[in-house]
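Comments concern the structure below.
Readers should treat all values here as calculations from the given coordinates under stated rules, not as data from a laboratory. Keep in mind that this is a model prediction, so the values were computed, not measured. Glycine also receives a Cβ, built like all others from the backbone with ideal geometry; neighbour counts cover every protein chain displayed.
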Amino acid sequence: MAADSAHRDAAPPPRNEASHTRRIASWREHHGWSAGASLRRLAARPLGSLLTIAVMGLALALPLAFYLLLGNVQQLGHALGQDQAINVFLQPDQAASQAQLLAKQLGDRSDVAAVTIKTPQQGLDELAKLQGFSGALDALDQNPLPFVLMVQPKPGADAAAVARLVGDLRDMHSVAQVQDSGTWRQRLDALLGVGERVVAALALMLALAALLVVGNSVRMDIASRHEEIGVLLLVGASSAFVRRPYLYAGIWYGLFSGILAALLALAIEFALSGPVAQLSQAYDGKLHLGGLPLWLLLAVPPAAAALGWLGARLVSAWQLRKAV
Amino acid sequence: MIQFEQVSKHYAGGHEALSQLSFTIPTGEMAFVTGHSGAGKSTLLKLLGVIERPSHGSITVDGQNLAKVRGRGIPRLRQRIGMVFQDHRLLMDRTVFANVELPLTIAGIARVERGRRVRAALEKVGLLSYERQLPATLSTGEQQRVGIARAIVARPSLLIADEPTGNLDPQLAVEIMGLFAEFQQVGTTVLIASHDLPLIKRMRKRVVVLDHGRLVADLAAEEVL
């Protein structure tokens, strides 16, 4: 009786009994199994897995470090730019009331943060403090210095906006001369533009390198399991079924290396925090250099996992084409 | 039903493994394909499993022309065919249970049902008590029976076996063939490639004889002496 029952269970019809719901449950179950099995395979050869993760992690940490550097150079540029006010020398015949009126007009502009008036006497006093000038100033009958307006552009204004402001100032009748150190700001902006491109190109190349690292690890994994893959295909497994554990391996590689990259970036940030604090002190606390944004740090592991998946997907598709 | 019509298979270099082979095996029949080494027995089974494609002619299995089976159709077809190999092709890092379970997992059968069917298949081949063991701890004959359990667990309509008793002693070989005969009795079409003539004679089933890729004899069960 038991044998008959076993026979019925073991042999032929009916077929197509797995309902849609059962298939989905089984599909999910296989995803769970694949995720666990691929993780166990990674753990089974710790050295190889750690090396792959370390290489990927470093490759992903480098663009983050450059991004951090570039962001801080940008901030440094803006902070230093705040000290680089535009000096507007008024015509010598301009009286204090006219200087104040002009300062108010300029202060109302949207591209100006602040205007400070330096009187001729203040200018003279500053000159007197400079070595070698005191004797020469004594010989003057009267103060030859004009009123000077120190115009501070709005923080964050780019080189083009500052150049427009300087042009407007030069066109004013009451202005004798405009002294602007905007050229260095222009150069800095240009350099930062180049830096941004370099970081983007570097990030792309290193992401490609990470993709290749995952791809190679998965390729070796597939090669070492060539026989198993052959058996799976012979008993009716689809390519997706066979590929699944390798895709999860790619995801794990990516995820762990992404976490490592974020930790490395944080370590770099921490290592820089001391010198940055000193630099900030040297500028009377005006410098506020920032770290990597939280969203970026949180985005790195999933993005790296997606990269790992992509690498595994490309390689496994290519490798499985050669299988039975 | 299996139908070969004028099937030829040429390999690169001009070697002709099969030449204009035509025969039909009705549903639920058990047949042997025999011949000397290189006669084309394994090639014939590979064509049935879509492991290889014919150079000419057509092969039909249960009304489905294998030439038209492409892409996702191949795994679906293989799920309907149970395959037994001389070298067992077991996954040595998985237990006996997991090996037999594989076709059911692939077919999307629920876990409870899988467990029931795997145990039934293992009971059928007399290996229920070995379910937690790794294949490497089993004898060659036991490993072959695991391979058979895996081939029948998904209730295939067609069971093909390539030299399934090649490495077994005569008594075990008879037992294994007895198992195949039982599957035939419940409606499965069984096709076995074997060069073990004494065993084939003993089974008294239809025999297709190949020589250098050509069909030289097609003997009905009663014609086998």
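Within segment B:1-42, being part of a helix (DSSP H, G or I) and buried (at least 22 other Cβ atoms within 10 Å of the Cβ) holds for one residue alone: B:41.
Is one or more of the residues making up segment B:44-60 more than 13 Å from every other protein chain (Cβ to nearest Cβ), among the polar types (S, T, N, Q), at negative phi and free of Cβ contacts under 8 Å to residues at least 24 places away in the same chain? No, segment B:44-60 contains no residue that is more than 13 Å from every other protein chain (Cβ to nearest Cβ), among the polar types (S, T, N, Q), at negative phi and free of Cβ contacts under 8 Å to residues at least 24 places away in the same chain.
Does residue A:176 fit the bill of being at negative phi, surrounded by fewer than 19 Cβ atoms within 10 Å (Cβ to Cβ) and not in a helix (DSSP H, G or I)?
On the way: at negative phi: yes; surrounded by fewer than 19 Cβ atoms within 10 Å (Cβ to Cβ): yes; not in a helix (DSSP H, G or I): yes.
Yes.
Out of the residues in segment B:73-88 meeting the condition of being surrounded by fewer than 19 Cβ atoms within 10 Å (Cβ to Cβ) and over 15 Å from residue B:157 (Cβ atoms), tell me which one is farthest from the other protein chains (Cβ to nearest Cβ). Selected residue: B:86. Only one of the listed residues (A:156, A:123) is over 28 Å from residue A:189 (Cβ atoms) and of a type outside the set (Val, Ile, Thr). That residue is A:123.
Condition check for residue A:195 on (1) farther than 28 Å from residue A:74 by Cβ; (2) not in a loop (DSSP other than H, G, I, E, B): one failure, at (1).
Which one of these is within 14 Å of chain B (Cβ to nearest Cβ) and in a helix (DSSP H, G or I): A:202, A:212, A:232, A:208? Spell out the reasoning first.
Details: A:202 fails: within 14 Å of chain B (Cβ to nearest Cβ); A:212 fails: within 14 Å of chain B (Cβ to nearest Cβ); A:208 fails: within 14 Å of chain B (Cβ to nearest Cβ).
Exactly one residue qualifies, and that residue is A:232.
Scanning segment A:34-68 for residues that are out of contact with any helix residue (DSSP H, G or I) (no Cβ under 8 Å at 6 or more places or on another chain) and hydrophobic (A, V, I, L, M, F, W, C) gives A:44, A:47, A:50, A:51.
Do we have residue A:210 as closer than 26 Å to residue A:68 by Cβ and not basic (Lys, Arg) here? So residue A:210 passes the test.
Count of segment A:200-238 residues, restricted to those that are closer than 25 Å to residue B:78 by Cβ, buried (at least 22 other Cβ atoms within 10 Å of the Cβ) and of a type in the set (Ser, Thr, Tyr), is 0. Scanning segment B:106-133 for residues that are at the interface with chain A (Cβ under 8 Å from one of its Cβ atoms) and small (Gly, Ala, Ser) turns up B:107, B:108, B:110, B:120, B:121.
I need the full set of residues from segment B:148-203 which are more than 11 Å from chain A (Cβ to nearest Cβ), assigned to a loop (DSSP other than H, G, I, E, B) and surrounded by 24 or more Cβ atoms within 10 Å (Cβ to Cβ), in order please. Across segment B:148-203, the qualifying residue is only B:164.
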